[in-house]
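The values are calculated or read from the model by the stated rules, or taken from the named source; none is laboratory data. Treat the numbers as computed from the prediction; the structure is a model and nothing was measured. So basically every Cβ, Gly included, is an ideal-geometry build from the backbone, and we count neighbours across all protein chains shown. Note: areas computed on protein heavy atoms with side chains; ligands, DNA, RNA excluded. Shrake-Rupley method; radii C 1.70, N 1.55, O 1.52, S 1.80 Å.
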Amino acid sequence: MSRPQSRTRRKAAFMKEAERMYEQLEDWYDQNPEASFGEIEAEARKRRRELMGKTLEHLVNGRDSGVQVEAPRCAGCDGEMEFEGYCEWGIHGLEGDSPLERAYYVCPNCKGQTLFPPGCETEITRRPLE
Ligand SMILES: [Zn+2]
């Protein structure tokens, strides 16, 4: 899971994934030297979806995971809400699957008053802010 980072670092993360995919294809071709172009293409297509999912993960999560410098205000008491953790959910896109995450906040005064990003009501993982 990628946390907010600079464009240069997001690009580096993407390049690393692309390189890994290419190396896997090289290894596969070494082991299947008689493969036809169609078979090579089929192998590349399998890995393309994985790469695209990771690409979008870096692009989206790496840009913004919803963590705010200033804590959001509670709608109930107008108090400062506290960062609680990240919730994760998977997006099944046309070209790949991307695990996305968003920060969520809890009000220490109002029991149960939470600020969930849209789509985040399930599968909450409590992990400390890095
Ligand atoms: Zn409150």
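Values for this structure:
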read-out: Share of carbon and sulfur in the accessible heavy-atom surface of segment 73-112 [1.4 Å probe, %]; value: 48
read-out: Sequence of E26, E70, E39 when ordered by accessible area, the most exposed leading, probe 1.4 angstrom; value: E70, E39, E26
read-out: Difference of contour (0.36 nm per residue) and Cα-Cα distance, S6 to E19; value: 2.7 nm
read-out: P(r) of segment 28-104 over all Cα-Cα pairs, binned every 5 Å from zero, in whole percent; value: 3, 13, 15, 13, 11, 10, 10, 7, 5, 4, 3, 3, 2, 0
read-out: For segment 6-67: accessible area per residue (Å², 1.4 Å); value: 73
read-out: Sorted peptide list for 85-91, 56-62, 5-11, 30-36, criterion being average Cβ within 10 angstrom, highest first; value: 56-62, 85-91, 5-11, 30-36
